[in-house]
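Step one of this worksheet: look at the structure below.
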Amino acid sequence: MILNDNSKARIRERVGLYPRHKSAILPALTIAYHQVGHLNDEVYKEIAKIIKVPYVEVAEAATFYTMFPKEPVGKYLIQVCHNISCALLGADSLVEYLEQKLDIKKGETTKDNLFTLVTVECLGSCATAPMMQINQDYYENLTREKVDRILEELRVKG
Amino acid sequence: MFYSPVRTNAAEVAQSEKLHLFRFVEDPEQVKIDIYETHGGYKAWKKALTSMKPAEIIDEIKKSGLRGRGGAGFPAGMKWSFIPKDSPKPRYLICNADESEPGTCKDRVLMERDPHAVIEGMAIAAFAIGCHRMFIYIRGEFNHSIDRMQAAVKEAYEKGHLGKNVYGSGYDLDMVVHSGGGAYICGEETALLNSLEGERGMSRIRPPFPAIEGLYACPTIVNNVETLASVPHVINHGADWYKTLGTEKSPGSKIFSLSGHVKQPGNYEVELGFNLKKLIYDPAYGGGIRGDKKVKGVIPGGSSTPFLTADMLDVSLDYESLAEAGSMLGSGAVIVFHEDTCIVWVILKLIHFYRHESCGKCTPCREGTGWLEQIIRRIEQGKGKPGDVELIEDVCGNILGRTICPLGDAAVMPIQSAIKNWRDEWQYHIDNKKCLVKTGFEFK
Ligand SMILES: Cc1cc2nc3c(=O)[nH]c(=O)nc-3n(C[C@H](O)[C@H](O)[C@H](O)COP(=O)(O)O)c2cc1C
Ligand code: SF4
Ligand code: FES
């Protein structure tokens, strides 16, 4: 069992909100992702059981959405928006800066498994560019100083 | 103080007699239902439910001229009137909060800072079309918006604005906050329906239109967050009042998300018909261009809309004027870039996005966006070949108007516009294997 009782209860709660069970798939995937940090077949099977839909329907939906990592990632998933508004204010140089600071390339995870660095499309934060999302949180109006501070805080937290 | 530090013009809006969407968005208490009510909140919902007939509400919205703020600008009241009167099926209202058109970041502010306004607008729309269970589909990354909306919905139930027998009217209304999968295509209303049903978020062939066969094959209305947040104001003050804002054909106010090379990016509520140059340069809004450089181009309505060049900035931000200028109001996301920006680089950013977000259902869009990205990438990397510009135009021509949903057109229109406006620069990039102007934007 991967999903804990809290996640399961929250998924069950969602099911009751929709005229059809299947609608709870995406919220269930989100709940699972927030707990586990990524999604995989085991998770799909557990969700399918709770929602009472065939496993393949859960897998089919999950694989459409790139928001959910399908492989394990570091404890902190750093997602830098590289779309136009952010790029105009230096998103590419932000990615380079993070690569340097973390000593990894985009797409990689640090050796201590703490950070994974990826780029993503527009996150709806274009007027506070450049920005990044780390796990569930947004970090906006980024500067080098801010990035240093954020990474330091996360390192201390471990 | 706020989750997102985004700049707004709430102070100016509070001074204005007419602007209304942003009046309280700098008040950290506004998210609380008591404060929302003190500020006149839920009066319109009560008025609509207890003293108006659904047909009267639809007429009032029609008369107000309120048009959809999600991109297409379709008149909201008219859309609601397409719901079949005699269908025995349940009807659904869905608030589209997938907000992912690059440049657009306005719906998030409304959800995070004035969530009850969104609920109130949704409730009125739901009653107008006879819906008893309404949904808000929020893109999955907006965790804070989702939490805020969920907390607000809970409060609204506790205070009797939602639930069974609202205000003793005998009308039941439930609301579900749905977290989506963060895909741009799920903002397209038919893909949104599939996604909400738990399917892959792929567009549906129309007809049937959602008003006839939408969610679970039932009559459904999909409206944008900002459209719905405007509704309570129309009901409170009347269509005639609403029409005193904006222009004759584009009444009302609109939030513009201003981003890119301006000194003060932010979300600004202004009357439709506001001057673009003023939005960019006035110290109350954009405050001019960083480094006092010259504007090279502007995308006026989100990444899917054709460019305006520097000589076209004296334009009114309304549906008709922007159409006349060869572009579109779209979602109201104004992206500004200055003279040091390579146009090929801009387009590469955009086509990479559209290729990534194509749902893959139809060949011209799925394959075409892939080819376009390849060709444009090689030009950008200094490996362009003679004839590449013509090749791009040819591929674009084979996508435009030949796809199931408008994403295909959205991918193509900025490219065609970039070639039309800056053809020499494309050619320079191919001939000289480098940018005409060096793009290298550092973050601070
Ligand atoms: C690819 C694509 C993405 C879209 N994304 C959004 C979106 O994120 N939010 C939105 O409100 N409308 C979006 N739309 C427009 C919707 O299909 C629909 O027209 C709109 O939600 C209707 O609401 P409105 O009439 O209030 O504007 C998108 C359309 C397309 C083609
Ligand atoms: S145009 Fe693109 S996004 Fe729209 S249905 Fe076709 S493949 Fe999907
Ligand atoms: S372009 Fe980066 S958040 Fe929109």
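Kindly establish whether B:A418 is within 14 Å of chain A (Cβ to nearest Cβ), within 16 Å of ligand 3 (Cβ to nearest atom) and either modelled with pLDDT of 95 or more or under 27 Å from B:G440 (Cβ atoms) (or both). Break it down into steps so the answer makes sense when it comes.
Values: within 14 Å of chain A (Cβ to nearest Cβ): yes; within 16 Å of ligand 3 (Cβ to nearest atom): no; either modelled with pLDDT of 95 or more or under 27 Å from B:G440 (Cβ atoms) (or both): yes.
No, not satisfied.
Of the residues B:L372, B:L407, B:L348, which is away from ligand 2 (no atom under 16 Å from the Cβ) and not charged (D, E, K, R)?
On inspection, the qualifying residue turns out to be B:L348.
Within the stretch B:386-415, which residues are outside any helix (DSSP H, G or I) and either within 14 Å of chain A (Cβ to nearest Cβ) or of a type in the set (S, T, N, Q) (or both)?
Hit for the stretch B:386-415 is B:T403, nothing else.
Looking only at the stretch B:167-180, decide whether some residue is away from chain A (no Cβ under 14 Å), assigned to a helix (DSSP H, G or I) and either within 16 Å of ligand 3 (Cβ to nearest atom) or more than 25 Å from A:C81 (Cα to Cα) (or both).
yes
From B:C342, B:C365, grab the single residue that is more than 13 Å from ligand 1 (Cβ to nearest atom) and surrounded by 19 or more Cβ atoms within 10 Å (Cβ to Cβ).
Just a single option satisfies the conditions, and that option is B:C342.
Consider only pairs whose beta carbons are under 9 Å apart and that are at least six residues apart or on different chains; among these, list those whose first residue lies in the stretch A:41-56 and is without any contact (Cβ under 8 Å) to a residue 40 or more places away in the chain and whose second residue is part of a loop (DSSP other than H, G, I, E, B) and surrounded by 13 or more Cβ atoms within 10 Å (Cβ to Cβ).
Once the first residue is without any contact (Cβ under 8 Å) to a residue 40 or more places away in the chain and sits in the stretch A:41-56, its partners that are part of a loop (DSSP other than H, G, I, E, B) and surrounded by 13 or more Cβ atoms within 10 Å (Cβ to Cβ) give A:V53/B:G198.
Output the number of the condition that B:A97 fails; it satisfies all remaining conditions of (1) buried (at least 21 other Cβ atoms within 10 Å of the Cβ); (2) under 19 Å from the mean Cα position of the chain (by Cα); (3) more than 16 Å from ligand 3 (Cβ to nearest atom); (4) of a type in the set (G, A, S).
(3)
Pull up the stretch B:5-41, narrow it to residues that are buried (at least 21 other Cβ atoms within 10 Å of the Cβ) and small (G, A, S), then point me to the one that is farthest from the other protein chains (Cβ to nearest Cβ).
Among them, the one singled out is B:G41.
Residues of the stretch B:254-270 being surrounded by fewer than 24 Cβ atoms within 10 Å (Cβ to Cβ) and more than 12 Å from B:N9 (Cβ to Cβ), which ones?
B:K263
Within the stretch A:86-101, identify whether any single residue is more than 9 Å from chain B (Cβ to nearest Cβ) and in contact with a helix residue (DSSP H, G or I) (Cβ under 9 Å, 6 or more places away or on another chain), and answer yes or no.
There is at least one residue in the stretch A:86-101 that is more than 9 Å from chain B (Cβ to nearest Cβ) and in contact with a helix residue (DSSP H, G or I) (Cβ under 9 Å, 6 or more places away or on another chain).
Do you know which of the residues in the stretch B:71-117 that are under 24 Å from B:F307 (Cβ atoms) and within 16 Å of ligand 2 (Cβ to nearest atom) is nearest to the other protein chains (Cβ to nearest Cβ)?
Restricting to residues being under 24 Å from B:F307 (Cβ atoms) and within 16 Å of ligand 2 (Cβ to nearest atom), the top hit is B:P102.
Report the residue count in the stretch A:111-152 for those that are of a type in the set (V, I, T) and out of contact with any Gly (no Cβ under 9 Å at 6 or more places or on another chain). Let's see the steps before the verdict.
In the first step, residues of the stretch A:111-152 are kept if they are of a type in the set (V, I, T); the result is A:116, A:118-120, A:128, A:134, A:143, A:147, A:150.
Subsequent filtering for residues that are out of contact with any Gly (no Cβ under 9 Å at 6 or more places or on another chain) retains A:134, A:143, A:147, A:150.
Number satisfying all stated conditions: 4.
Could you run through the stretch B:240-257 and say how many residues are assigned to a loop (DSSP other than H, G, I, E, B) and within 17 Å of the chain's Cα centre (by Cα)?
2
Working only within the stretch A:23-69, note down all residues that are of a type in the set (D, E) and more than 8 Å from chain B (Cβ to nearest Cβ).
Of everything in the stretch A:23-69, those that are of a type in the set (D, E) and more than 8 Å from chain B (Cβ to nearest Cβ) turn out to be A:D41, A:E42, A:E46.
If I ask for residues that are buried (at least 20 other Cβ atoms within 10 Å of the Cβ), of a type in the set (A, V, I, L, M) and out of contact with any Phe, Trp or Tyr (no Cβ under 9 Å at 6 or more places or on another chain), which ones from the stretch B:42-92 would you list?
Result: B:A44, B:A76, B:I83.
Hey, does the stretch B:318-333 have a residue that's hydroxyl-bearing (S, T, Y), over 20 Å from the mean Cα position of the chain (by Cα) and not in a loop (DSSP other than H, G, I, E, B)?
no
For the stretch A:1-22, enumerate the residues that are hydroxyl-bearing (S, T, Y) and at the interface with chain B (Cβ under 8 Å from one of its Cβ atoms). Show your work before the answer.
Start the filter on the stretch A:1-22 by keeping residues that are hydroxyl-bearing (S, T, Y), which leaves A:7, A:18.
Within the stretch A:1-22, just A:Y18 meets the criteria.
Please specify each residue of the stretch B:181-239 satisfying the condition of being away from chain A (no Cβ under 14 Å), within 16 Å of ligand 2 (Cβ to nearest atom) and part of a helix (DSSP H, G or I).
Across the stretch B:181-239, the qualifying residues are B:E189, B:T190.
Please go through the stretch B:258-268 and give me each residue that is assigned to a strand (DSSP E or B), over 16 Å from B:S4 (Cβ atoms) and either aliphatic (A, V, I, L, M) or more than 16 Å from ligand 3 (Cβ to nearest atom) (or both), ordered by number.
B:V262
Only one of B:R69, B:R91 is under 19 Å from the mean Cα position of the chain (by Cα) and at pLDDT 95 or above. Can you tell me which?
Only one candidate passes the filter, namely B:R69.
The values are calculated or read from the model by the stated rules, or taken from the named source; none is laboratory data. What you see is a predicted model, and the numbers here were worked out from it, not measured in a lab. Using ideal geometry, Cβ is built from the backbone for each residue, glycine included, and neighbour counts are taken over all protein chains shown.
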